[in-house]
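Structure below; questions to follow.
The values are calculated or read from the model by the stated rules, or taken from the named source; none is laboratory data. Because the structure is a prediction, the values reported are computed rather than measured. For neighbour counting, all protein chains shown are included, and Cβ atoms are generated from backbone atoms with ideal geometry for every residue, glycine included. SASA here: full protein model, heavy atoms, side chains in, ligands and nucleic acids out. Shrake-Rupley method; radii C 1.70, N 1.55, O 1.52, S 1.80 Å.
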Amino acid sequence: KTIKAEYGDRLVFAGAVDAQVTDRAGATEEEIRAEVRRVIDTLGKGGGLLCSSAVMFSTVPGVDGIIDDEGRKYGDYSKLKFA
């Protein structure tokens, strides 16, 4: 949050979806989707976010597809409302 607030108009954040959440044994699809939404809410305002796993590719089959799907659905800037 601090880096986004300070430099967000001059940086692009790549990744940031926490692999400790998404690659955790037993992580549910909803937990993964919630993590994607958290990252978009935190770093997506004003653009500059390439939403993906913080390690770029998940080691758990199917997780990258969930991240991509939620990023496309929730990260549609025409639907986001920021205060």
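Is there any pair linking a residue in the stretch 50-66 that is loosely packed, with under 15 Cβ neighbours inside 10 Å to one that is assigned to a helix (DSSP H, G or I), with Cβ under 7 Å and at least six apart or on different chains, and which?
So the pair list comes out as 55/19; 57/64.
Counting just the residues of the stretch 3-26 that are assigned to a loop (DSSP other than H, G, I, E, B) and of a type in the set (A, V, I, L, M, F, W, C), which one comes out farthest from residue 43 (Cα to Cα)?
Taking the candidates together, the pick is 25.
Restricting to the stretch 20-42, name every residue that is under 17 Å from residue 4 (Cα atoms), within 8 Å of the chain's Cα centre (by Cα) and in contact (Cβ under 8 Å) with a residue 12 or more places away in the chain.
Once the filter is applied, which keeps residues that are under 17 Å from residue 4 (Cα atoms), within 8 Å of the chain's Cα centre (by Cα) and in contact (Cβ under 8 Å) with a residue 12 or more places away in the chain, the stretch 20-42 yields 36, 37, 39, 40.
If we scan the stretch 27-36, do we find a residue that is open to solvent by 30 Å² or more (accessible area, probe 1.4 Å), closer than 21 Å to residue 65 by Cβ, in a loop (DSSP other than H, G, I, E, B) and touching a Ser or Thr at 6+ places or on another chain (Cβ under 9 Å)?
No: zero hits.
Determine if the stretch 45-62 includes at least one residue that is in contact with a strand residue (DSSP E or B) (Cβ under 8 Å, 6 or more places away or on another chain), part of a helix (DSSP H, G or I) and either modelled with pLDDT under 90 or of a type in the set (A, V, I, L, M, F, W, C) (or both).
no
Tally the residues that are open to solvent by 60 Å² or more (accessible area, probe 1.4 Å) and within 16 Å of residue 63 (Cα to Cα), restricting the search to the stretch 7-17.
Total meeting the criteria: 0.
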